[in-house]
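Colleague: One structure is given below, represented as structure tokens, and several questions about it will come after.
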Amino acid sequence: MIERILERTFLLFLSSGFAKTNTDQIAKHIGISKRTLYKYYDTKDKLIDSVFELMRSKVQAKFDKVLQDKNKDPIDRLKEILFFISDLGSKMSKTFAKDIEMVRPDLFVTMREFRKQRILSLADLLREGQKAGQIRKDVTPELTIDILLAAVDGILNPTYLFQSPYSNTMAFDAIVTIFLEGVQEKH
């Protein structure tokens with residue numbers, strides 16, 4: 001039941017944000033009574049914290065799985081991770097992004113640090129791609145990842161996204177395209 005509550009609440013929060021979403025709406029979206037919801041989560045903040053913990057664990061599991069899959073070449077694994085992040089971002093409404101920054105700045109800081117650590121883990125994948133001849137040799141992996149992180153932090157931040165005409169998907173797809181075209185070896 002907990003997994004169902006968290007999964008469905010996560011989807012609701014992504015599309016509608018969480019600041020103005022009340023527990024009646026959450027229970028209805030899940031298909032349970034408010035009483036049942038309170039049985040598992042007696043406050044909305046505890047539910048929000050649990051939803052974010054679930055999200056972090058799913059992202060970490062995906063990163064670990066892709067990074068350890070030596071049956072795929074480095075560039076394919078890099079693309080898989082970047083497109084996974086893009087897909088997750090495409091489901092996030094601007095309201096959700098703004099709620100994290102304004103209503104729960106503690107989660108904003110935690111998520112930003114978590115994102116930074118996941119992206120930094122891609123430097124080894126770039127080095128592996130260089131050895132395989134897929135990534136340009138003149139690219140410094142750590143600096144390249146720092147540039148990617150700066151682009152992600154600059155563009156995929158709630159303040160920018162809320163004021164820009166671009167969707168999360170559009171913004172991240174542009175970052176991924178420019179990044180991949182810049183690092184790949186031309187054949």
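Colleague: Mind checking which pairs have a first residue in segment 53-74 that is free of Cβ contacts under 8 Å to residues at least 24 places away in the same chain and surrounded by 14 or more Cβ atoms within 10 Å (Cβ to Cβ) and a second that is among the basic types (Lys, Arg) and assigned to a loop (DSSP other than H, G, I, E, B), Cβ under 9 Å, 6 or more apart or different chains?
Modeller: Pairs found: Val66/Lys72.
Colleague: Under 6 Å between Cβ atoms, at least 6 apart or on separate chains: pull out the pairs that start in segment 103-128 with a residue that is touching a residue at least 40 places away in the same chain (Cβ under 8 Å) and end on any residue that is among the hydrophobic types (A, V, I, L, M, F, W, C) and in a helix (DSSP H, G or I).
Modeller: Filtered contacts from segment 103-128: Leu107/Phe52; Leu107/Ile100; Phe108/Ile100; Arg118/Phe63; Leu122/Ile145; Leu125/Leu78.
Colleague: As an exercise: evaluate Tyr160 against (1) within 30 Å of Lys70 (Cβ to Cβ); (2) touching a helix residue (DSSP H, G or I) at 6+ places or on another chain (Cβ under 9 Å); (3) surrounded by fewer than 17 Cβ atoms within 10 Å (Cβ to Cβ) and give the number of the one condition it does not meet.
Modeller: Just one mismatch for Tyr160, condition (1).
Colleague: Looking at segment 84-109, which of its residues are at pLDDT below 85 and within 12 Å of the chain's Cα centre (by Cα)?
Modeller: The answer is Ile85, Ser86, Asp87, Leu88, Gly89, Ser90, Lys91, Met92, Ala97.
Colleague: Continuing with the same structure: Those residues that are in a loop (DSSP other than H, G, I, E, B) and within 22 Å of the chain's Cα centre (by Cα), I need them from segment 31-46; list them, please.
Modeller: Of everything in segment 31-46, nothing turns out to be in a loop (DSSP other than H, G, I, E, B) and within 22 Å of the chain's Cα centre (by Cα).
Colleague: When the residues of segment 99-145 are narrowed to those that are of a type in the set (A, V, I, L, M) and touching a strand residue (DSSP E or B) at 6+ places or on another chain (Cβ under 9 Å), which ends up surrounded by the fewest Cβ atoms within 10 Å (Cβ to Cβ)?
Modeller: Residue satisfying both the conditions and the ranking: Leu125.
Colleague: So, of the residues in segment 1-30 that are open to solvent by 60 Å² or more (accessible area, probe 1.4 Å) and not in a helix (DSSP H, G or I), which turns out to be nearest to Lys91 (Cα to Cα)?
Modeller: Lys20
Colleague: Let me spell it out: the conditions are (1) farther than 20 Å from Asp64 by Cα; (2) of a type outside the set (Val, Ile, Thr); (3) touching a strand residue (DSSP E or B) at 6+ places or on another chain (Cβ under 8 Å), and Leu180 meets all of them except one. Which number is the exception?
Modeller: (3)
Colleague: Somewhere in segment 113-126, is a residue over 22 Å from Gln68 (Cβ atoms) and among the basic types (Lys, Arg)?
Modeller: Residues of segment 113-126 that are over 22 Å from Gln68 (Cβ atoms), as a first pass: 113.
Next, only the ones that are among the basic types (Lys, Arg) stay: none.
Scanning segment 113-126, I find no residue that is over 22 Å from Gln68 (Cβ atoms) and among the basic types (Lys, Arg), so the answer is no.
The values are calculated or read from the model by the stated rules, or taken from the named source; none is laboratory data. Here the structure is a predicted model, which is why all the values come from computation and not from measurement. Note that each Cβ is placed from the backbone with ideal geometry, even for glycine, and that neighbours are counted across all protein chains shown. All accessible areas refer to the heavy atoms of the entire protein, side chains included, with ligands and DNA or RNA removed. Shrake-Rupley method; radii C 1.70, N 1.55, O 1.52, S 1.80 Å.
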